Amino acid sequence: MGDSGDVRTAVRRVLRALRGVILPPGVPPRKLFPILLMLFIEGVAATSIMAYVPYMVLDLGVTSDPQKVGYYAGFISSSFFICQFASSFFIGVLSDKIGRRPVLLSGTLGLFISMLLFGFSWSYPVALVARSINGLMDGNMGVAKTYLGEVTDSTNRIQTFAFFGLMYGIGSIVGSTLGGLTARPAITMPKVFSPKGLFGKFPYLLPNAIIAVLVLVNFILGYIFLTENQHSRPENLTKPMKQLQEEERN
């Protein structure tokens, strides 16, 4: 019994040490993890179509001319980033008015719906609209940074913000890989997915459905663990920053 107790104690000490090295000290993990997952999913959603969008243009019957595929594929790919850019400022202002939490959660829920809509796209205009909605609802990057900025200070902010590029970068790698491996499954994996089934009719549903599941998990975690920061509440706008950060930790 004594040996097993010593082992458990040693394991707990190692875990605490790792947490201090990997996780920024003083930042509540319940607030950190949902935000980092949002950043990861944003990278996945942004890059997942890059591997298959030319095939999608051909399958939707927009054109049969290989010389024009890139032209139409470019509209679908760029619509996400254009709409994300257009919505970021207004989403930031909205988060100042109603709070960070409702904006982050509504954006996550909108991303879930738009990913499924894009997967079920039956025409080029539908795909373009779905991808645009995807970008409009995925402008949470600035709000996410603000959210974590409000629960960090000079001792842990640099380490915390280093995760932004890391998670988005990992998400971009996973997104491109996921799109390439799971698009058109009835053609690439006919023994698993029937050409006459759902994924045969909608060949780009599978990668978007997988991402939608991740988004739904993120929404549930955010709904449970994300609480409104003290800073974004109107009654706290005049309070000193140090006082609000101390209240946030407690």
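The values are calculated or read from the model by the stated rules, or taken from the named source; none is laboratory data. Because the structure is predicted, anything quoted here is derived from the model rather than measured. FYI the Cβ positions are ideal-geometry reconstructions off the backbone, even for glycines, and counts take in every protein chain you see. Heads up: the accessible areas ignore ligands, DNA and RNA and are worked out on the full protein's heavy atoms, side chains in. Shrake-Rupley method; radii C 1.70, N 1.55, O 1.52, S 1.80 Å.
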If you roll a 1.4 angstrom probe over the protein chains with everything in place, what fraction of the accessible area of the stretch 45-140 belongs to carbon and sulfur, to the nearest %? 73
Carbon/sulfur accessible area of the stretch 142-193, % of total, 1.4 Å probe, equals 71
If you stretched the chain out fully between ILE98 and LYS145, how much longer would it get, using 0.36 nm times the residue separation minus the C-alpha to C-alpha distance? 15.3 nm
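Just to confirm the filter: which chymotrypsin sites (Phe, Trp or Tyr not before Pro) across the stretch 59-136 are DSSP coil and have at most 10 other Cβ within 10 angstrom of their Cβ?
Answer by residue number: TRP122.
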Can you work out D for the stretch 96-199 in µm² s⁻¹ from Stokes-Einstein, where Rh is the Kirkwood radius over C-alpha pairs, the temperature is 37 °C and the viscosity is 0.692 mPa s? 199
Under a plain spin-label model, where a point goes 7 Å from the Cα along Cα-to-Cβ, how far apart in nm are GLN67 and LYS196? 4.1
